[in-house]
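Colleague: Sending over a structure as structure tokens; questions will come in a sec.
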Amino acid sequence: MRRRFLVATFLDEGGLAKAILPARKERLRIHDVYAPYPVHALDSLMGIGKTRLPLVTLVAGACGLVFALAFQFYGAVLDWPLNVGGKPDNSTLAFIPIAFELTVLFGALATVAAFFLRARLYPGKREVLPTRGVTEHLFAVVLRRPETPVLLRRAREIMENAGAASVEELEAEL
Amino acid sequence: MSFPTFLGKSGTLPLDLAASSDAAPSGEPDSPSESWIDGSPSPRDVGDDVARPLETRPGRGWWICLACAVAGVVLLVGMIGYLFASGIGVFGLNNGVGWAVAITNFVFWIGIGHAGTLISAILLLFRQEWRTSINRSAEAMTIFAVMCAAMFPIIHLGRPWDAFFILPYVPNQRGPLWINFRSPLVWDVFAISTYFTVSLVFWYLGLIPDLAALRDRADQGLKKAVFRALSLGWNGSHRTWSRYERVSLVLAGLATPLVLSVHSIVSMDFATSVLPGWHTTIFPPYFVAGAIYSGFGMVLTLLIITRKTMHLERYITARHLEAIAKVLLLTGSMVSYAYATEFFGAWYAGNLYEKFHFLTRATGPYAWCFLLMVLGNVIAPQVLWLKSARRSVPVLFVVSLLVNVGMWFERFVIIVVSLHRSFLPSTWTMFRPTVADLGILAGSFGLFFTCFLLFIRYLPMIAMWEVKAIAGRNAAHLASSPAAGKPEVASA
């Protein structure tokens, strides 16, 4: 959906906190911040909670574990119990390495797949940038454009006081 | 001395880069202002420096190296064709020595891969900042090394076209008969496929932000289209960054036990047998330490060459090389300790066959291989106790080559020397490598280096976003510190 935004561009990460804190105090809606690398302090500044993606790892890993153990048990005990060197049909300990590998494989692939889905990243997607350079060296604080002229003026003021190199309006599907 | 460069004429460097050198600043980097990169490059400088090899024509050095490596690939293809046409009789194998150079190569290449995962996953969990400049190339090395490794068990099968028999596929065309899940050889298949897949996914995930940066640097055209397709629409959103970092941490947490399991399982191919020299409980940790040791040896060899030829000394500094040397010293000591433990165990256990094997290993007809192994893995790393040696690029280069040679011979000693004189003297025999053995070994190096050379030409060999983060933090620190008005070039 196309929306209207106010994009403040910064040359370094130093100005981000100075822009975000007062903006949140004024109850301006921060859509997102764009940066060439992760700025760790932003999570708490923007009030982003912890992602639940590790839960996907846990569930998928558990599925991998159960599947691998069950499949080996089925193949070696139920479907064709074959005497190999007199070892018991149900050699559970010998099934552990493969079970471990499949736990890791399922967990890792599912986590990455869930991340791509959640972050809406897929092959062929055309990038939408708030401004050129945010993947290279620039930082951008993107606010939802306030409706009233008073708030809009206040938002511009906050960004400029924080040292923004430019503050521009943008209509896009960010 | 002039060095053949990997960059063409248009790839000359900005003047400020010339200021950085191998000379290191005093003390370890412990504050943001004294970081793991030399000078105070801005994030934009980092992008320019790392992307330069991708945006300029390659130099003569790169072409010469690529020509040699491709010649190796041609040799490999030729030798494998000869092998497939004639059968595995073209190897020097015989009734006593059923595994030799091909399996040695397999264990060697799998071991080489371990350093990449250690750097990208274990050092990430330990929050080691020095990994950022070298993790991308080390991870790429892992992938290429595992590709080389995975080739060997398949071409060694005799009927490689039936390799898929090792997989439990559905529908099962063998009726209800399944593969033997109790066999370490089957565990190997699962371990190596998982290791390759997870390493590849982890590496690609790390590349996405850099691919996006390259996409935004590129003008319209094929390059932009390729980077656009590969970067999946990445736009630097912090909400995505936040999830991305969490996912990276989760993958590192998964890759850490995975990498330890892979060489443990490879070692079980030997340790679960009853052959003296193989039947040892210390094999899993001993193999893992050896794998990391050999992998770091290869990382050191490659980085010393590429940092010089690609002019990346500012990012891969003498301090990085020193840190790698310390890991070499640690893992080399672990490997030496394992060698001593094997000999002590053979003597202390009083098993006739075990004692005989270890005496033969050190004094028998393959004693020269044993001595090369000791030279590369026990004696060579001892020079790294000296700080001056850890800081000397020529010394490190020689040590890294000795490590590579020593670790190849370690696997040869374990495999061939154990087999050539086992329980029955009537089976005793000598193994002599043939042209096919040596050709495929040389060819595997050709394949590895071809992949690596193409990688450094077409993808950023340094994780730009991670180094930009260090550069950006340094810049913010300098800006906020009143005493640091003038950024200081660390090596000046």
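Just so you know, all these numbers are worked out from the coordinates, no wet-lab data involved. Remember, predicted model here, so these are calculated numbers, not experimental data. Ideal geometry is used to build each Cβ from the backbone, glycine not excepted, and the neighbour counts take in all protein chains shown.
Colleague: Out of A:Leu69, A:Leu6, A:Leu82, I need the residue that is away from chain B (no Cβ under 11 Å), over 22 Å from the mean Cα position of the chain (by Cα) and among the hydrophobic types (A, V, I, L, M, F, W, C). Which one?
Modeller: Numbers: A:Leu69 fails: away from chain B (no Cβ under 11 Å); A:Leu82 fails: away from chain B (no Cβ under 11 Å).
Going through A:Leu69, A:Leu6, A:Leu82 in turn, just one is away from chain B (no Cβ under 11 Å), over 22 Å from the mean Cα position of the chain (by Cα) and among the hydrophobic types (A, V, I, L, M, F, W, C): A:Leu6.
Colleague: Criterion first (out of contact with any strand residue (DSSP E or B) (no Cβ under 9 Å at 6 or more places or on another chain), among the hydrophobic types (A, V, I, L, M, F, W, C) and at the interface with another protein chain (Cβ under 9 Å from one of its Cβ atoms)) does A:Leu117 satisfy it? Can you show your working first?
Modeller: Details: out of contact with any strand residue (DSSP E or B) (no Cβ under 9 Å at 6 or more places or on another chain): yes; among the hydrophobic types (A, V, I, L, M, F, W, C): yes; at the interface with another protein chain (Cβ under 9 Å from one of its Cβ atoms): no.
Here the answer is no, as A:Leu117 does not meet what is asked.
Colleague: Taking B:Cys148 as meeting all but one of (1) away from chain A (no Cβ under 14 Å); (2) outside any helix (DSSP H, G or I); (3) in contact with a Ser or Thr (Cβ under 6 Å, 6 or more places away or on another chain); (4) of a type outside the set (Gly, Ala, Ser), write down the number of the exception.
Modeller: (2)
Colleague: Let me ask something additional. Could you figure out which of (1) out of contact with any strand residue (DSSP E or B) (no Cβ under 8 Å at 6 or more places or on another chain); (2) on the phi > 0 side of the Ramachandran plot isn't true of B:Gly236?
Modeller: With (1) out of contact with any strand residue (DSSP E or B) (no Cβ under 8 Å at 6 or more places or on another chain); (2) on the phi > 0 side of the Ramachandran plot applied to B:Gly236, the lone miss is (1).
Colleague: Select from region B:342-360 the residues that are on the phi < 0 side of the Ramachandran plot and exposed (fewer than 14 other Cβ atoms within 10 Å of the Cβ) and list them in ascending order. Full working, then the answer.
Modeller: The initial filter retains those residues of region B:342-360 that are on the phi < 0 side of the Ramachandran plot, namely B:342-349, B:351-360.
Within region B:342-360, B:Phe344, B:Trp347, B:Tyr348, B:Ala349, B:Leu352, B:Leu359 meet the criteria.
Colleague: Still on this structure: For region A:151-159, does any single residue satisfy the condition of being without any contact (Cβ under 8 Å) to a residue 12 or more places away in the chain, assigned to a helix (DSSP H, G or I) and surrounded by 15 or more Cβ atoms within 10 Å (Cβ to Cβ)?
Modeller: No, region A:151-159 contains no residue that is without any contact (Cβ under 8 Å) to a residue 12 or more places away in the chain, assigned to a helix (DSSP H, G or I) and surrounded by 15 or more Cβ atoms within 10 Å (Cβ to Cβ).
Colleague: Another question, if that's okay. Residues to consider are A:Ala99, A:Ala23, A:Ala60; find the one that is more than 8 Å from chain B (Cβ to nearest Cβ), of a type outside the set (Asp, Glu), closer than 19 Å to B:Ala252 by Cβ and surrounded by 14 or more Cβ atoms within 10 Å (Cβ to Cβ). Explain how you work it out, then say what you get.
Modeller: Values: A:Ala99 fails: closer than 19 Å to B:Ala252 by Cβ; A:Ala23 fails: closer than 19 Å to B:Ala252 by Cβ.
Step by step, each of A:Ala99, A:Ala23, A:Ala60 is checked, and only A:Ala60 is more than 8 Å from chain B (Cβ to nearest Cβ), of a type outside the set (Asp, Glu), closer than 19 Å to B:Ala252 by Cβ and surrounded by 14 or more Cβ atoms within 10 Å (Cβ to Cβ).
Colleague: Give me the residue from region B:260-279 that is under 21 Å from B:Trp203 (Cα atoms) and facing chain A (nearest Cβ under 10 Å) and, out of that set, surrounded by the fewest Cβ atoms within 10 Å (Cβ to Cβ).
Modeller: Among them, the one singled out is B:Ser261.
Colleague: Of the numbered conditions (1) facing another protein chain (nearest Cβ under 9 Å); (2) part of a loop (DSSP other than H, G, I, E, B); (3) in contact with a strand residue (DSSP E or B) (Cβ under 6 Å, 6 or more places away or on another chain), A:Thr131 satisfies every one except a single condition; which is it?
Modeller: (1)
Colleague: Still on this structure, please answer the following. Under 8 Å between Cβ atoms, which residue pairs at least 6 apart in sequence (or on different chains) link something in region B:458-473 that is touching a residue at least 24 places away in the same chain (Cβ under 8 Å) and among the basic types (Lys, Arg) with a partner that is in a helix (DSSP H, G or I) and buried (at least 23 other Cβ atoms within 10 Å of the Cβ)?
Modeller: B:Lys468/B:Pro43; B:Lys468/B:Val46; B:Lys468/B:Gly47
Colleague: Taking the residues in region B:328-338 that are surrounded by 21 or more Cβ atoms within 10 Å (Cβ to Cβ) and not polar (S, T, N, Q) as candidates, determine which candidate is farthest from B:Leu302 (Cα to Cα). Let's see the steps before the verdict.
Modeller: Quick first cut of region B:328-338, residues surrounded by 21 or more Cβ atoms within 10 Å (Cβ to Cβ) only: B:328, B:331-332, B:335.
Narrowing the set further to residues that are not polar (S, T, N, Q) leaves B:328, B:332, B:335.
On the way: B:Leu328: 15, B:Gly332: 19, B:Val335: 22 Å.
Looking at the filtered set, the residue picked out is B:Val335.
Colleague: Here is a further query. Give region B:451-476 a look and list any residue that's assigned to a loop (DSSP other than H, G, I, E, B) and touching a Phe, Trp or Tyr at 6+ places or on another chain (Cβ under 9 Å), or say none.
Modeller: Restricting attention to region B:451-476, the residues satisfying the condition of being assigned to a loop (DSSP other than H, G, I, E, B) are B:459-463.
Across region B:451-476, the qualifying residues are B:Met461, B:Ile462.
Colleague: Pull up region B:157-187, narrow it to residues that are part of a helix (DSSP H, G or I) and facing another protein chain (nearest Cβ under 9 Å), then point me to the one that is nearest to the chain's Cα centre (by Cα). Please lay out each step first, then the result.
Modeller: Looking only at region B:157-187, we keep the residues that are part of a helix (DSSP H, G or I), and these are B:160-166, B:184-187.
Restricting the remaining residues to those that are facing another protein chain (nearest Cβ under 9 Å) gives B:184, B:186-187.
Numbers: B:Pro184: 23, B:Val186: 24, B:Trp187: 22 Å.
Looking at residues that are part of a helix (DSSP H, G or I) and facing another protein chain (nearest Cβ under 9 Å), I get B:Trp187.
Colleague: Here is a follow-up. Any residue at all in region B:116-126 that is surrounded by fewer than 24 Cβ atoms within 10 Å (Cβ to Cβ) and out of contact with any helix residue (DSSP H, G or I) (no Cβ under 8 Å at 6 or more places or on another chain)?
Modeller: Within region B:116-126, one or more residues are surrounded by fewer than 24 Cβ atoms within 10 Å (Cβ to Cβ) and out of contact with any helix residue (DSSP H, G or I) (no Cβ under 8 Å at 6 or more places or on another chain).
Colleague: Mind counting the residues in region B:212-250 that are more than 9 Å from every other protein chain (Cβ to nearest Cβ) and free of Cβ contacts under 8 Å to residues at least 60 places away in the same chain?
Modeller: 10
Colleague: State whether one or more residues within region B:275-286 are touching a Pro at 6+ places or on another chain (Cβ under 7 Å) and within 30 Å of B:Leu419 (Cβ to Cβ).
Modeller: Taking region B:275-286 first, the residues touching a Pro at 6+ places or on another chain (Cβ under 7 Å) are none.
Taking every residue of region B:275-286 in turn, none turns out to be touching a Pro at 6+ places or on another chain (Cβ under 7 Å) and within 30 Å of B:Leu419 (Cβ to Cβ).
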